[in-house]
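Novice: Let me begin by handing over the structure; questions about it come next.
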Amino acid sequence: MVRKVSLLVGLLFLFSLAAGTRASAQDKVELYGGYSFFHLENSPGANNLNGFILSGEYKFAPWFGAVGEVGGDYGGGSSVTTYLVGPQVSFPARISPFAHILIGGAHYGQTGFSDNSFATSLGFGIDAKIAPAFKWRIIEGDYVTTRFGGGVQNNARISTGIVFRF
């Protein structure tokens, strides 16, 4: 399952890059990379993980696009990797709020145990334009649901980083 979702994310990302080279002035490709803090709710406790988040968005309209996202968070002997895709809506302005609903897969790893899971993410954020081709993603907050080990985990992730537009 995770391999299929990661293949889908990769294809979406490559399509976004290829389409961006032929896009009109209205169509844009955005690539985001940044720091991620992931609060993992696992039984019997919780872990705070640090890592990265990478995403690519192809904008079909100034306010609507498709996103492919990969995140990796690590700490306390645990790791979570997410592979998600879905639609994103935004308000195109110098300070640009956005929201997305993403679905895909996740992988959990710990010494002696690993599991793959279906994952969903409901998120929002704010981008601020800092140059014609760059934005600062001031904050992105995501409510990430995973199903590791037969249970449901309701996790929180926040991130910040740089968005490159072309």
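Novice: What does the charge count around Leu40 come to, taking other residues whose C-beta lies under 10 Å from its C-beta (Lys +1, Arg +1, Asp -1, Glu -1)?
Specialist: After counting each charged neighbour, the total is -1.
Novice: Can you tell me how much longer the chain between Ala133 and Asn50 gets when fully stretched, taken as 0.36 nm per residue apart minus their C-alpha distance, in nm with one decimal?
Specialist: Gain on stretching Ala133 to Asn50: 27.1 nm.
Novice: Shifting gears a bit: Work out from phi, with θ = phi - 60° and the Karplus expression 6.51 cos²θ - 1.76 cosθ + 1.60, the ³J(HN,Hα) of each residue of the range 103-113, listed in order in whole Hz, and give x for Gly and Pro.
Specialist: 10, x, x, 8, 10, 10, x, 8, 3, x, 8
Novice: Run the quick spin-label model on Val152 and Phe113: label points 7 Å from Cα toward the beta carbon, then report their separation in nm to one decimal.
Specialist: Label at Val152, label at Phe113, 2.0 nm between them.
Novice: Between Phe60 and His39, what's the calculated FRET efficiency when r is the beta-carbon distance and R0 is 25 Å? Round to 0.05.
Specialist: 0.15
Only the coordinates and a few stated rules stand behind these numbers; no lab work does. If you're wondering where the values come from, they're calculated on a predicted model, not measured in any experiment. With ideal geometry, Cβ positions are generated from the backbone for all residues, glycine too; neighbour counts draw on all protein chains shown.
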